[in-house]
1. Looking at region 78-93, which of the residues that are of a type outside the set (D, E, K, R) and open to solvent by 70 Å² or more (accessible area, probe 1.4 Å) is farthest from S41 (Cα to Cα)?
2. Given the conditions (1) at pLDDT 90 or above; (2) more than 30 Å from V32 (Cβ to Cβ), and given that S117 satisfies all but one, which numbered condition is not satisfied?
3. For region 33-48, check the following and say yes or no: at least one residue is out of contact with any helix residue (DSSP H, G or I) (no Cβ under 6 Å at 6 or more places or on another chain), assigned to a helix (DSSP H, G or I), without any contact (Cβ under 8 Å) to a residue 60 or more places away in the chain and of a type in the set (K, R).
4. Which condition number in (1) within 21 Å of N82 (Cβ to Cβ); (2) open to solvent by 50 Å² or more (accessible area, probe 1.4 Å) is the one that E14 fails?
5. Within the set of pairs 6+ apart or on separate chains, which have a first residue in region 63-83 that is on the phi < 0 side of the Ramachandran plot and touching a residue at least 60 places away in the same chain (Cβ under 8 Å), a second that is open to solvent by 90 Å² or more (accessible area, probe 1.4 Å) and in a helix (DSSP H, G or I), and C-beta atoms under 9 Å apart?
6. In region 94-109, what residues are modelled with pLDDT of 75 or more and either under 30 Å from G58 (Cβ atoms) or not in a helix (DSSP H, G or I) (or both)?
7. Please enumerate the residues belonging to region 17-32 that are open to solvent by 50 Å² or more (accessible area, probe 1.4 Å), over 14 Å from the mean Cα position of the chain (by Cα) and of a type in the set (A, V, I, L, M, F, W, C).
8. State all residues of region 33-57 that are over 20 Å from K86 (Cα atoms) and exposed (fewer than 12 other Cβ atoms within 10 Å of the Cβ); if no residue qualifies, say none.
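The values are calculated or read from the model by the stated rules, or taken from the named source; none is laboratory data. All values reported here derive from a predicted model rather than from experimental measurement. All Cβ positions, glycine included, derive from the backbone under ideal geometry; neighbour counts span all protein chains shown. Accessible surface areas use protein heavy atoms only, side chains included; no ligands, DNA or RNA. Shrake-Rupley method; radii C 1.70, N 1.55, O 1.52, S 1.80 Å.
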Amino acid sequence: MEQELSFSERREAEEKRLRNALKGLSKEKLKVVDKFIVDASFKMVQLQDLHKVIEEEGVIEEYQNGANQTGRKVSSYVQVYNALDKSYQSQIKILLDALPKEEKKKVESDGFDAFVSKRG
């Protein structure tokens, strides 16, 4: 039976994964974005845990306010998940934007465009 990793172990693994993905950054840039890496890793593990709860409990919950008011509403877990996901996506965008821009490789001509130009 596979033992589940602790929250800290999963967060550390996510930090390692993000740092590996950002290995193209200079040491200076890495220092600047370090807090984003730590926060994004924390949020990713939180999102994973919330995802499990939402799968088990569903997206709608029953509520009761006092003796006479009852109903159904979007789960509190879904609301927290959505807010956390939005923040996580924002941090990941910042990290991706910090990466050096890849130069587009010039595609070598196969001669088709020149052939068409000559015939036209």
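1. Pass one, region 78-93, residues of a type outside the set (D, E, K, R): 78-84, 87-92.
Imposing the further condition that a residue be open to solvent by 70 Å² or more (accessible area, probe 1.4 Å) reduces the set to 79-80, 82, 89.
Details: Q79: 20, V80: 17, N82: 16, Q89: 11 Å.
Within region 78-93, the match that is farthest from S41 (Cα to Cα) is Q79.
2. (1)
3. For region 33-48, residues out of contact with any helix residue (DSSP H, G or I) (no Cβ under 6 Å at 6 or more places or on another chain), assigned to a helix (DSSP H, G or I), without any contact (Cβ under 8 Å) to a residue 60 or more places away in the chain and of a type in the set (K, R): present.
4. Result: E14 passes all but (2).
5. none
6. Taking region 94-109 as the starting set, the residues that turn out to be modelled with pLDDT of 75 or more are 94-101.
If the condition is that a residue be modelled with pLDDT of 75 or more and either under 30 Å from G58 (Cβ atoms) or not in a helix (DSSP H, G or I) (or both), then L99, P100, K101 are the ones that fit.
7. L30, V32, listed by residue number.
8. E56
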